[in-house]
Structures are given as C-alpha cells and as structure tokens.
1. Evaluate the following for E66: is it under 10 Å from the mean Cα position of the chain (by Cα) and over 19 Å from S4 (Cβ atoms)?
2. Would you point out the residue of segment 53-72, among those that are of a type in the set (A, V, I, L, M) and not in a helix (DSSP H, G or I), that is modelled with the highest pLDDT?
3. Quick check on segment 1-26: of everything there that is under 10 Å from the mean Cα position of the chain (by Cα) and among the hydrophobic types (A, V, I, L, M, F, W, C), which residue is nearest to S70 (Cα to Cα)?
4. Filter segment 13-52 down to the residues that are of a type in the set (S, T, N, Q) and part of a helix (DSSP H, G or I) and list them by number.
5. Going through segment 16-38 one residue at a time, which ones are of a type outside the set (V, I, T), modelled with pLDDT of 90 or more and closer than 21 Å to D56 by Cα?
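The values are calculated or read from the model by the stated rules, or taken from the named source; none is laboratory data. Quick caveat: nothing in here was measured; it's all calculated off a predicted structure. Backbone-built Cβ (ideal geometry, glycine too); neighbour counts: all protein chains shown.
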Amino acid sequence: MRASLRQKAISVCDAKIAQKGDTVGLSFYAFFANKNDDPDLLMEAAQWWIKTHQLDHFEKAVKVRELIASGA
C-alpha cells in the first residue's frame, strides 16, 4: 500500500475510533469520497483489504489501523 493511502487510512481509522469508540467497524470504502475519482487507488485498497489480508467487508477500525501501522 502506498504511503499516501496508508496515512489517509490511519487518519480515517483514528477519526472513526475517536468519534464512535474502539468497537466501530469500517470498510475500505471509508478511505474514499463517494465519487470514485482515482480507480487505481481504490483497487489498491481493495486488493490490500480483500486479497492480501482476506478481511471481511466490515472490520474493526482498531484492527485495520494496527495492520496498516505494522506495514502489513
């Protein structure tokens, strides 16, 4: 996952956790605006989420943040 996406994803996870608590779930779509203006970046996130880590559609933001921060 490229550094810019990694940083944005961690920010989104942090914001969701701060807003709704440690049990909040999210999908990789949370890292993007409703308008798909960068399909390559969206596919990169989808591949990381689905193929690389075989995550469910919704996962705990805490778990996702830990995976991303670890460089996995």
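1. no
2. The selected residue is L55.
3. Result: I10.
4. If the condition is that a residue be of a type in the set (S, T, N, Q) and part of a helix (DSSP H, G or I), then Q19, Q47, T52 are the ones that fit.
5. Of everything in segment 16-38, those that are of a type outside the set (V, I, T), modelled with pLDDT of 90 or more and closer than 21 Å to D56 by Cα turn out to be K16, K20, G21, D22, G25, L26, S27, F28, Y29, A30, F31, F32.
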